[in-house]
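Please read the structure below before turning to the comments.
Derivation of every value follows stated rules applied to the coordinates shown; laboratory data play no part. Because the structure is predicted, anything quoted here is derived from the model rather than measured. Please note: Cβ atoms are built from the backbone with ideal geometry, for glycine as well, and neighbour counts cover all protein chains shown.
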Amino acid sequence: MLGLMQDHPLLISGLIVHAERHHPTQEVVSRRVEGDIHRTTYAAIAHRSRQLAQALDRLGIAAGERVATLAWNGYRHLELYYGVSGSGRVLHTLNPRLHPEQLAWIINHADDRLLFVDATFLPLIKAVAPHCPQLKAVVLLADAAPGDALPLPLLAYETLLAAESGDYRWPSFDERTASSLCYTSGTTGNPKGVLYSHRSSLLHTFAAALPDSLSCSARDVILPVVPMFHVNAWGLPYVGPMVGAKMVLPGPGLDGKSLYELFESEGVTLSAGVPTVWQGLLAHVDAEGKKFSTMRRTVVGGSACPPAMKARFENDYGVEVVHAWGMTEISPLGTVSSLKSSHAQLPASARFDLQAKQGRVVFGVDMRIVDPQGKEIAWDGSTSGELQVRGPWIVSQYFRLDAPAPLVDGWFPTGDAATIDAEGYMQITDRIKDVVKSGGEWISSIDVENVAMSHPDVASAACIGAVHPKWDERPVLLYVAKAGKSPTPEAILAHYEGRVAKWQIPDMAIAVEALPLGATGKVLKNKLRDTYGRFLVDGAPTNPATPARST
Ligand code: AMP
């Protein structure tokens with residue numbers, strides 16, 4: 001048709017081409033697995049991504065074939081993001097915190113042909129690779145590789161790149177071509193693959209960079225703590241080159257001290273991660289009496305951000321918390337907690353409460369809440385129902401699964417229960433399977449946890465529904481004390497008085513050494529239910545998965 005815009009495909013290679021041309025000297029700083037700091041630029045990353053694409057050609061990896069990574073956040077991983085997807089192959093980021101058997105299952109299910117690994121994971125790969133017959137080779141992200149370490153060829157990344165000129169033209173193809181693959185955490189049953197396209201990834205990147213979204217610009221220094229194997233580090237490895245921001249990639253150093261050092265030495269302005277990581281960081285800065293000199297914002301998502309954590313970041317350290325909600329199935333960005341201009345006049349506490357919610361949808365995501373019969377629920381801010389979403393970066397069907405598409409009339413059912421208020425602010429009340437069903441009333445386990453987390457001596461907490469002879473289920477709280485503190489269960493329960501309705505107070509609080517965490521840093525509630533789920537009827541478990549602590 002005459003007069004239409006150019007039909008130019010949205011491709012991931014376009015991001016690195018843009019960064020190379022417009023931000024060639026912008027830095028990418030990484031902490032390597034060896035512990036040293038490595039500095040490079042977008043121009044060098046672009047050149048090496050092209051060398052990598054040539055190496056994939058030479059190794060005979062066809063377009064559309066899967067190339068897996070088992071790596072921390074680092075510059076070579078960033079090169080893989082561009083070299084693999086940009087050349088038309090599919091980047092499959094594996095989570096190294098999974099059990100070897102689960103990893104082998106995923107590698108086979110995805111039919112991965114090559115596997116790029118950080119040296120840290122070589123022992124893991126020794127256990128996994130013999131069970132993955134279709135893997136052609138493993139590539140060590142290092143200068144050299146020990147020759148006979150594996151029963152299949154083990155190549156060295158730098159040797160592969162050194163053999164190529166970098167004189168390579170990124171191919172052009174349909175933007176609906178697959179670009180990358182990520183498996184869900186799979187707390188029940190086998191993990192499920194979510195296949196992203198170039199189009200979905202690019203649209204998601206535009207949305208993530210927006211001011212009311214993650215708000216990223218060329219003046220930012222972005223440190224994604226969220227791993228590049230957890231839903232593409234929430235899109236930040238694409239956002240950085242798109243906006244020309246400096247990137248700081250923390251490698252394996254995710255403890256509070258290592259992170260704090262990088263924040264300060266590299267002038268980080270924006271970060272992103274799950275609440276468990278921020279607990280470690282806050283514990284470090286609290287203990288050492290440190291302040292942040294450049295950090296302005298941090299994105300918290302992956303699980304609910306406890307309001308007490310938000311208050312500490314903002315009141316004690318002047319770091320704004322941007323609460324965001326998302327899922328592997330939705331690339332992952334769904335909602336972000338940013339205010340509207342009409343909220344400027346609200347009292348500070350009302351603004352805080354609004355921003356403590358999971359927030360408003362970013363353009364591109366449409367949401368609704370439905371009752372168990374599938375009927376849409378009004379946006380009154382108090383009635384909760386299952387959250388459903390749809391849009392161009394939301395899954396339509398799981399990868400290579402024979403089961404029918406998970407959509408309901410075109411909507412993806414998230415498995416999360418939520419309320420939405422009249423202004424469109426969504427609040428997750430619970431994972432539907434984690435809600436405590438007490439005598440026909442529902443108690444949000446997140447609400448119960450947030451009260452415990454507001455106790456000054458509590459580091460983390462998890463609430464489960466335990467079987468109860470009269471009420472079907474009652475809340476039981478497991479809590480971990482802050483270092484050097486030992487609040488009693490009685491003190492914790494007393495903290496609920498006046499903060500929630502009486503019937504929402506847990507029947508029991510139990511001090512534990514630690515909470516069991518899954519591969520992406522979330523509390524494994526099914527494990528807690530296995531251990532403590534019959535606590536109220538049978539008494540203490542004989543062999544607790546999470547040792548109780550005597551207080
Ligand atoms: P994953 O696909 O592993 O990232 O897990 C997605 C799930 O994490 C969502 O369905 C939610 O249950 C949970 N989640 C993510 N972000 C939040 C948040 N800000 N608040 C509460 N739950 C969240």
#### Entry: the chain - percent relative contact order, Cα under 8 Å, separation 6 or more
10 percent
### Task
Write down the percent of antiparallel bridges among all DSSP beta bridges whose residues are both part of the chain, to the nearest 5.
55 percent
### Task
Report, ordered by chain and residue number, the aspartates and glutamates lying within cross-link reach of LYS257, taken as a straight Cα distance under 13 Å and ignoring same-chain residues fewer than 8 apart.
ASP286, GLU288
### Task
Would you please classify the overall shape of segment 41-136 from the alpha carbon gyration tensor, given that a ≥ b ≥ c denote the square roots of the eigenvalues, rounded means a/c under 1.5, and beyond that prolate means a/b larger than b/c while oblate covers the rest?
oblate
#### Entry: Neighbour net charge for ALA462 - beta-carbon separation under 11 angstrom, K R +1, D E -1
+2
### Task
Mind running the shape call on segment 468-533? Use the C-alpha gyration tensor, a ≥ b ≥ c as the square roots of the eigenvalues: rounded below 1.5 for a/c, prolate if a/b tops b/c, oblate otherwise.
oblate
#### Entry: For GLY381, net neighbour charge (Lys/Arg +1, Asp/Glu -1) across residues whose Cβ lies under 10 Å away
-2
### Task
Relative to the longest principal axis of the C-alpha atoms of the chain, give the angle of the C-alpha long axis of helix 256-266, reported between 0 and 90° and rounded to the nearest 10°.
50 degrees
#### Entry: Rel. contact order, % - alpha carbon contacts under 8 angstrom, at least six apart, segment 158-289
19 percent
### Query
Given LYS310/LYS470; LYS340/LYS433; LYS437/LYS482; LYS433/LYS470; LYS340/LYS525; LYS375/LYS527, which pairs have Cα atoms separated by over 28 Å?
LYS310/LYS470; LYS340/LYS433; LYS437/LYS482; LYS340/LYS525; LYS375/LYS527
### Query
Summing -39500 (n - 2.57) over the DSSP H runs of n ≥ 4 in the chain and dividing by its residue number, what mean residue ellipticity at 222 nm do you reach, to the nearest 500 deg cm²/dmol?
-8000 deg cm²/dmol
